[in-house]
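The values are calculated or read from the model by the stated rules, or taken from the named source; none is laboratory data. Nothing here was measured: the structure is a model prediction, and the numbers come from that model. No Cβ is skipped: glycine too gets one built from the backbone with ideal geometry, and neighbour counts run over all protein chains shown. The accessibility values were calculated without ligands, DNA or RNA, using every heavy atom of the protein model including side chains. Shrake-Rupley method; radii C 1.70, N 1.55, O 1.52, S 1.80 Å.
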Amino acid sequence: MKVIVRDNYDEVSKEASRLVEEKIRENDELVLGLATGATPLGLYENLIDSYKTRGISYENVKTINLDEYLGLDKNHPASYHAFMFETFFKHIDIELNNTYIPDGVPASAEEECLRYEAVIDHVGPVDLQILGIGTNGHIGFNEPGTDPNSLTHVVELNASTIENNAHFFQSIDEVPTHAITIGIQSILKSDQVILLASGKSKAKAVKTLLESERNVNPDFPASYLWTHDDVTIIVDKDAYQLV
Ligand code: F6R
């Protein structure tokens, strides 16, 4: 696991966008694994800027998102479909047909999970997966206790996750209790993983992640990243407090 420490959130976002741009320059048909949440917003802003000012094109790029709330239609403003469209996709030249996010209102959640895992295998494998990290060590919505062999599945969100994500909703009561997330095994299928973390609220999770090399365990799902051979974590000084 490679660790890059930067001064602040803006520098973390810059470093992440530099790495993504480099990958797209090398391979214009890149398959990018994307995350939602507050952490990648700066990365998306920088990528929009490099598309507009330096002509980094997404015409042939495909994206596969980590997760979607169960019960939210893609037109719901707090759905991850809407989040991705508003914060990234509508600003670049990507074909929306090449962007994949689980369906939040499937006829059968079980079938949707199978369909989405097949997307990961057939559209992917993901060349570069972007991750954030939950304060409880979740990656995607793989909450503590998740089976390391898990593929795309339905998850019941932890109280802490619901609380942390409530700011995207009018009130905490509106946050869905369940989501569809790609599994730990699905994440580990990616060729390369970049995990971003910023701010004091992530310091404990980053410390636990860095200390978990010899203690890979389901109570801290991000620890499974130690079983992958190409993971870079990019953190700011607030999130990197090892004492
Ligand atoms: C998002 C996701 C989550 C977030 C994590 C951190 O698609 O799967 O794992 O990356 O909850 O969220 P933020 O960035 O809002 O702190």
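Observations on the structure shown:
- Among the residues of the range 184-243, those identified as surrounded by 15 or more Cβ atoms within 10 Å (Cβ to Cβ), without any contact (Cβ under 8 Å) to a residue 60 or more places away in the chain and under 23 Å from residue 124 (Cα atoms) are 184, 185, 188, 228.
- Matching residues in the range 134-144 - criterion: being at negative phi and more than 6 Å from the ligand (Cβ to nearest atom): 135, 136, 142, 143, 144
- Of the strands (runs of 3 or more DSSP E) lying entirely inside the range 131-243, the ones with 2 or more residues being in contact with a strand residue (DSSP E or B) (Cβ under 8 Å, 6 or more places away or on another chain), under 22 Å from residue 41 (Cβ atoms) and modelled with pLDDT of 95 or more are found at 178-181, 192-197, 231-236.
- Selected residue (criterion: most open to solvent (accessible area, probe 1.4 Å)) from residues of the range 78-112 that are away from the ligand (no atom under 16 Å from the Cβ) and in a loop (DSSP other than H, G, I, E, B): 107
- Residue 19 vs. criteria of a type in the set (A, V, I, L, M), more than 15 Å from the ligand (Cβ to nearest atom), open to solvent by less than 10 Å² (accessible area, probe 1.4 Å) and modelled with pLDDT of 95 or more: no
- For the range 39-55, filtered to residues that are modelled with pLDDT of 95 or more and part of a loop (DSSP other than H, G, I, E, B), the residue that is farthest from the ligand (Cβ to nearest atom) is 40.
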